[in-house]
Structure formats: structure tokens, C-alpha cells
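Trainee: To start, I am sharing the structure in question, which I have written as C-alpha cells.
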Amino acid sequence: MLSMKTTVVGAGPVGLLLACELALHGVRTTVLERLTAQADTIKAQMISGRTYEMLAMRGFGHAIDAASEADAARLAWHSRGSTGHFAGLFKLDGLPLIMLMQQTLERALEARARELGVEIRRGVEVTELPDADFVIGCDGGRSTVRKLAGFDFPGTGPSLTGYQAIVDLDGDLPFGWHRTPHGVHAFGPLKGRIMLMEFDGPPETRDVTRESLEAALRRVSGRDVRITAVHTATSWTDNTRQATTYRRGNVLLAGDAAHVHSPFGGQGLNLGLQDALNLGWKLATGDSALIDTYTTERHPVAERVLRNTMAQVALTRPDPQSRELHAMFSDLLDLPEVKSRISAMIQGTDIRYDTGCDHPLAGTFVPGLDLSDGKGTNIALNGLEATIRPDGYIEQIA
Ligand SMILES: Cc1cc2nc3c(=O)[nH]c(=O)nc-3n(C[C@H](O)[C@H](O)[C@H](O)COP(=O)(O)OP(=O)(O)OC[C@H]3O[C@@H](n4cnc5c(N)ncnc54)[C@H](O)[C@@H]3O)c2cc1C
């Protein structure tokens with residue numbers, strides 16, 4: 001299917017990685033992006049250990065290591081080796097998180113996509129479905145592609161307002177996560193980075209000003225702190241929705257276009273990047289039945305993330321009953337079995353796809369492989385012949 005023409009809408013991290021995947025398979029790919037330059041709004045600052053392994057498989061390991069070192073140098077306190085949290089409970093174990101600013105990753109992906117011959121057209125806002133063999137909406141939570149193609153996007157509306165910003169502060173604010181009777185405030189690990197949550201409904205406007213941020217910080221923390229400068233700021237909610245299918249004819253969705261949820265546990269970017277790695281090689285075959293397995297495999301993974309982020313919101317609310325629930329959950333997380341189950345769920349290390357092979361390792365991920373040609377391979381595993389898919393998951397063992 002090398003004569004196939006695909007159009008990816010959105011040059012966020014998911015669209016860029018998907019474009020790289022398609023180009024690796026020789027598929028002619030155009031990316032349309034409405035912004036003329038990369039946005040500098042602060043979003044994710046870490047990727048999971050599993051996402052790191054998957055990107056390293058494509059040769060991004062050294063670039064990420066170097067960028068991560070540089071980003072880590074900007075940490076206000078030492079958080080390397082962190083394995084993440086559940087509802088602010090920093091008790092998870094398993095693969096460590098990799099410090100990496102989303103913008104840094106986007107720059108590396110865009111450079112690689114261009115190197116692979118992807119045409120990236122910036123300053124182009126998509127308002128009608130482009131003409132291509134396949135159109136993939138990677139255009140974020142308010143996806144135009146999703147709306148134009150008529151995907152259903154059911155879910156639960158927002159109940160909280162969150163803020164994330166890098167600021168200069170005048171006053172005392174303790175590092176780490178803090179729950180108060182009025183919400184949550186967090187400071188660090190990046191210098192000047194604050195995160196706030198208020199559980200009294202969605203914001204009236206998505207615009208964040210120095211004044212509104214300072215007022216929220218003072219309300220939540222109860223401290224006499226002033227914000228003297230805002231370097232970057234964003235607001236978010238716990239709007240939780242998922243497309244019922246990721247494919248309608250020749251239109252597909254990936255990343256936030258397919259699923260939105262609160263950033264609890266830092267899962268959204270990982271989810272979207274892994275969507276891209278699951279979809280790219282399948283799409284390149286043009287095999288309709290194989291392409292349909294993208295929804296079958298990835299929809300349940302995101303569904304579980306949506307559910308666990310909703311549970312984290314409930315656990316984090318400041319009312320007395322939720323505080324007790326949080327305290328009980330904290331005790332439960334000290335039990336090794338609970339800890340490892342929740343850790344694997346948040347890090348996505350327990351994903352097992354149904355590949356039609358019933359060996360217990362089939363459908364699980366094999367780290368440590370160089371699959372930079374995106375083609376998959378055969379390896380000897382415990383003396384058995386294992387077929388590895390291009391996304392690093394074991395297809396079958398014979
Ligand atoms: C405050 C915050 C903190 C977060 N922290 C984490 C974290 O720690 N870990 C984690 O894993 N995730 C985190 N996330 C989630 C993560 O940022 C998102 O999941 C990720 O950005 C999704 O990538 P995407 O490529 O799907 O969408 P986006 O990044 O939204 O990119 C979509 C692109 O499409 C473009 N576009 C939109 N409409 C059109 C159109 N009509 N035509 C052309 N182009 C269009 C946009 O300009 C944009 O460039 C966080 C999110 C927020 C808001």
C-alpha cells in the first residue's frame with residue numbers, strides 16, 4: 001500500500017509520532033497544524049518508563065536521555081527515580097518516570113518526522129475533512145476531525161478547575177503535594193511550577209491571568225503568597241470522555257482526540273503516544289481487519305485510564321468523607337499486592353493484547369529491542385521462537 005496517502009491533523013506529540021511511524025513504513029504523510037509554531041504552554045513534564053522503552057525502540061533513547069538530563073537540571077528538588085503517584089499518594093513502585101518536558105519531546109519528534117520526509121504544514125486550520133486514503137485526527141481534546149466525522153464522544157462533565165503554571169513567587173510555599181480544606185496545591189519538581197485544584201466546578205473562562213492564579217493559590221493554600229510573574233499557565237478540568245470507536249471508515253482518532261480525562265497520574269501523553277505506536281504499522285498495511293484491532297486493543301486501555309482518573313478525583317476531594325476515603329486508600333497502598341496492581345495500571349506495564357496466541361507472554365511488551373526500522377522481528381525467548389510486532393508487543397510464541 002505504498003501509494004497510500006495519509007493526512008494527520010494536529011502536530012502535537014501524538015500526530016508527530018504517528019507521522020514518523022507511517023513514514024518509517026514508506027507511507028506518504030502530510031501533517032496539518034493550525035499553529036504556526038510550537039505552543040509553549042506547560043503540559044506534561046514526564047513520560048512513563050514504558051513509553052521511554054517504546055520510544056527508545058525507535059532510536060529516541062539518546063535524545064531523550066540528553067534532554068532529560070537538561071530538564072532534570074531545572075528541578076527544584078530531586079525527584080529522579082520517582083515512580084509516580086495515585087491521587088497524590090507517592091507510593092507506587094515499578095518503572096521510574098523520565099523527566100521530559102512535552103515541548104522537548106515534540107521538538108525531537110518534529111525533527112525526526114521531517115528527516116523521514118513527512119510534510120508538515122503549519123498555519124493550516126482544518127475545517128473540513130481532508131481528501132486522503134486515511135485521515136487521522138490527532139487534533140486534541142476538542143478535535144474538529146472527531147466532530148466532522150460524527151464520532152460519538154460520551155462521558156462525564158467537569159467538576160473541578162485545575163491550574164498548572166510556572167511562576168515567580170513572593171512568600172513561602174512548601175514543596176510537594178498538599179491537600180487543604182479548599183483543594184490541592186503542589187509546588188515543584190520543576191523550579192517555579194505550581195499546580196492547583198479547586199473542586200467547585202469548571203472555570204468560567206479558560207484564560208488564566210496573574211490575578212486569577214494568585215487568588216486561587218491564596219484560597220487553596222490559605223497562605224500569604226504573591227505571584228510576581230507568570231511565565232506559562234494553563235487551566236484544565238476533569239472532563240472525562242471517550243470516542244465509542246476510534247475508526248469511522250477512513251477516519252481514525254488518536255491521543256486526546258479519542259479520549260480526554262484529568263491529568264491525574266500523568267497518563268494522557270503516554271496513552272496517546274502508545275496509540276500512535278499501535279496504529280502506525282497497522283494503518284501502513286491498509287488491511288482493514290488489522291486496522292480495526294487498533295480500536296479493539298487501545299479502547300479498553302484508555303477506558304481504564306478514564307476510570308482511574310475519575311477515582312483519583314473522588315479520592316482527592318476536600319470534604320471530610322473523601323479525606324477519610326483517601327486515608328484508607330493510603331493504608332491499602334501499603335499492601336504489596338495493591339501497590340503493584342495500581343502501579344502497573346498507572347504505568348501501563350500490565351497491558352496484554354489478545355493476539356490470538358495463548359502463550360502467557362503473547363500480547364505482552366518485550367523491552368530492550370532495536371526496532372528502529374519499525375518492521376518488527378523474530379527473537380529467541382527462553383529457547384522459543386517469538387514474533388515481535390513493530391510496536392514491541394509479542395505477537396506469538398512457538
Ligand atoms: C496541565 C496538564 C498536565 C499534563 N501532564 C501530563 C503528564 O504529566 N503526563 C502525561 O502523560 N500527560 C499529561 N498531560 C496530558 C498531555 O499533555 C496530553 O495528553 C497530550 O498533549 C495529548 O497530545 P495530542 O497530540 O493528542 O494532543 P495535543 O497536544 O492537544 O495536540 C493537538 C494539536 O492539534 C492542533 N489542532 C487542533 N485543532 C486543529 C485543527 N482544526 N486543524 C489543525 N490543527 C489542529 C493543535 O494546535 C495541537 O498542536 C497533561 C495535560 C495538561 C493539560
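The values are calculated or read from the model by the stated rules, or taken from the named source; none is laboratory data. Not measured: the values here are computed from a predicted model. Note: ideal-geometry Cβ built from the backbone for every residue, glycine included; neighbour counts use all protein chains shown.
Trainee: Being part of a strand (DSSP E or B), more than 10 Å from the ligand (Cβ to nearest atom) and outside the structural domain of residue 45 (by TED's automatic domain parsing): is that true of residue 252 here? Before the answer, list the steps.
Mentor: Values: part of a strand (DSSP E or B): yes; more than 10 Å from the ligand (Cβ to nearest atom): yes; outside the structural domain of residue 45 (by TED's automatic domain parsing): no.
In short, no.
Trainee: Separate question: Within segment 170-184, can you find the residues that are in contact with a Lys or Arg (Cβ under 7 Å, 6 or more places away or on another chain) and part of a strand (DSSP E or B)?
Mentor: Pass one, segment 170-184, residues in contact with a Lys or Arg (Cβ under 7 Å, 6 or more places away or on another chain): 170-173, 182.
170 - this is the single residue of segment 170-184 that is in contact with a Lys or Arg (Cβ under 7 Å, 6 or more places away or on another chain) and part of a strand (DSSP E or B).
Rundown of residues vs (1) closer than 30 Å to residue 216 by Cβ; (2) within 14 Å of the ligand (Cβ to nearest atom), yes/no style:
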residue: 118; (1), (2): no, no
residue: 130; (1), (2): no, yes
residue: 149; (1), (2): no, yes
residue: 159; (1), (2): yes, no
residue: 176; (1), (2): yes, no
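Trainee: Considering 397, 346, 351, which residue is touching a Cys at 6+ places or on another chain (Cβ under 7 Å) and either among the basic types (Lys, Arg) or surrounded by 15 or more Cβ atoms within 10 Å (Cβ to Cβ) (or both)? Step through it out loud before you land on a result.
Mentor: On the way: 346 fails: touching a Cys at 6+ places or on another chain (Cβ under 7 Å); 351 fails: touching a Cys at 6+ places or on another chain (Cβ under 7 Å).
Selected residue: 397, the only one of 397, 346, 351 that is touching a Cys at 6+ places or on another chain (Cβ under 7 Å) and either among the basic types (Lys, Arg) or surrounded by 15 or more Cβ atoms within 10 Å (Cβ to Cβ) (or both).
Trainee: Check whether at least one residue in segment 106-113 is within 14 Å of the ligand (Cβ to nearest atom), within 30 Å of residue 311 (Cβ to Cβ) and not polar (S, T, N, Q), and report yes or no.
Mentor: yes
Trainee: For residue 147, all conditions in the list (1) crowded, with 18+ Cβ neighbours inside 10 Å; (2) assigned to a helix (DSSP H, G or I) hold save one; what is the number of the exception?
Mentor: Evaluating residue 147 over (1) crowded, with 18+ Cβ neighbours inside 10 Å; (2) assigned to a helix (DSSP H, G or I) leaves (1) as the failure.
Trainee: Can you work out which of the residues in segment 320-339 that are out of contact with any Asp or Glu (no Cβ under 7 Å at 6 or more places or on another chain) and in contact (Cβ under 8 Å) with a residue 60 or more places away in the chain is surrounded by the fewest Cβ atoms within 10 Å (Cβ to Cβ)?
Mentor: At the first step, the residues of segment 320-339 found to be out of contact with any Asp or Glu (no Cβ under 7 Å at 6 or more places or on another chain) are 320-338.
Now drop any that are not in contact (Cβ under 8 Å) with a residue 60 or more places away in the chain, which leaves 323, 326, 329-330, 333-334.
Details: 323: 15, 326: 19, 329: 19, 330: 15, 333: 20, 334: 10.
Checked segment 320-339; the qualifying residue surrounded by the fewest Cβ atoms within 10 Å (Cβ to Cβ) is 334.
Trainee: Sticking with this structure for a sec: Residue under question is residue 111, and the condition is that it be more than 17 Å from the chain's Cα centre (by Cα), part of a helix (DSSP H, G or I) and at pLDDT below 90; does it hold? Full working, then the answer.
Mentor: Values: more than 17 Å from the chain's Cα centre (by Cα): yes; part of a helix (DSSP H, G or I): yes; at pLDDT below 90: no.
So residue 111 does not fit the description; no.
Trainee: Within the bounds of segment 279-299, is there any residue that is within 15 Å of the ligand (Cβ to nearest atom) and surrounded by fewer than 17 Cβ atoms within 10 Å (Cβ to Cβ)?
Mentor: no
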